[in-house]
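To keep things clear, I will list the structure first and then write my remarks on it.
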């Protein structure tokens, strides 16, 4: 009888233990970090986009003209990062510049330290925006060199801008001067992180942004089929109406945490500006937040360059500067 009782007790307790173990294993909530955790951390640490865009780009001038370039072409008040290819860096670069890949800018920044701000050169001033956003979000003082190395010298071998400007929007049925529709309101991005610590989440998201490819599209691609995208014109209303815009493009004056939900995280979103420089650094910030958004390369300089030139409105022209440089093509 005792054996029978023992068997019955065991038969009852084993399923109970099994059920308990299953409940412990499957029913405990999994703690993950979310967009809200990242937003809270960034807000507390003054990382809203308007804050991060304060003084983000600089146009080089000689010291004698109130700038920071010495007569020999050096820039001693900055750590100068050049994120162009090693081959192009070898042909010509700012004296004393450090050649570093975009994906490695944070590693190199940690090596050089924070005793001076960082000035980032790329070909045109657009990719540098992504580097500078990563640096600023990681606690470094950094700026974009306006128009990139294309603007540094009068040597046409380094001009990556002139062949990209144009007036393809003139006469296009996909370009108009209509008033903007009201900005939509969408849900926030829904990604998750394995950490709930804001600093850790931000570091993860910044690295994802830095290593991502395909972060821009050409102006011609967008003009051919604007209906394939949700397009946002990053201008004030006056210029939005004066110069025109992609058909259906929203006029988007201020991008911030308060207005970011004008973008649907899952749409094919595009942001553009005059030169592609502001839109590149802006879309980098939005990518960190989890938005699927790309920058339109070269901005309206690729679409309505003559109109911008007539008004001297953020237009590219060559030569822009004629500073000394070093490299195999140096004079």
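Taken together, the values in this text are just the output of simple stated rules run on the coordinates, not laboratory data. Note that the structure is predicted; figures quoted are calculated from it, not measured. Backbone-built Cβ (ideal geometry, glycine too); neighbour counts: all protein chains shown.
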Report, as a whole number in µm² per second, the diffusion coefficient that Stokes-Einstein gives for the stretch 42-160 at 20 °C and 1.002 mPa s using the Kirkwood radius over alpha carbon pairs. 147 µm²/s
Please identify, among 285, 56, 191, the residue showing maximal mean-square fluctuation in a Gaussian network model of the chain using a 10 angstrom Cα cutoff. 191
Average projection area in nm² (convex hull over Cα atoms of the stretch 281-331, one quarter of hull surface): 6.1 nm²
Estimated inter-spin distance, residue 103 and residue 156, nm [label 7 Å along Cα→Cβ]: 3.6 nm
Highest first, please rank the peptides 83-96, 177-190 by the mean number of other Cβ atoms sitting within 10 Å of their residues. 83-96, 177-190
With no solvent term and unit scatterers on the alpha-carbon positions of the stretch 175-310, Debye gives log₁₀ I(q)/I(0) at q = 0.21 Å⁻¹ of -1.28
Find the centroid of the Cα atoms in the stretch 114-193 and in the stretch 71-90, then give the distance between the two in whole Å. 19 Å
Fewest Cβ neighbours within 10 Å first, please rank 318, 147 accordingly. 318, 147
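With a ≥ b ≥ c taken as the square roots of the eigenvalues of the C-alpha gyration tensor of the stretch 166-247, please select rounded if a/c is under 1.5 and otherwise prolate if a/b is larger than b/c or oblate if it is not?
On the way: a/c = 2.94, a/b = 2.08, b/c = 1.41.
Because a/c hits 1.5 or more and a/b exceeds b/c, the stretch 166-247 counts as prolate.
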Let me know the Rg and Dmax you get for the chain when you use only its Cα atoms, in Å. 25.6, 105
May I have the pair-distance distribution P(r) for the stretch 237-329, computed from all Cα-Cα distances with 10 Å bins from 0 and rounded to whole percent? 14, 41, 27, 14, 5
For the chain, find the longest principal axis of its Cα atoms and tell me its angle to the long axis of helix 2-26, 0 to 90°, nearest 10. 10 degrees
Listing 135, 52 from the residue with the fewest other Cβ atoms within 10 Å to the one with the most, what is the order? 52, 135
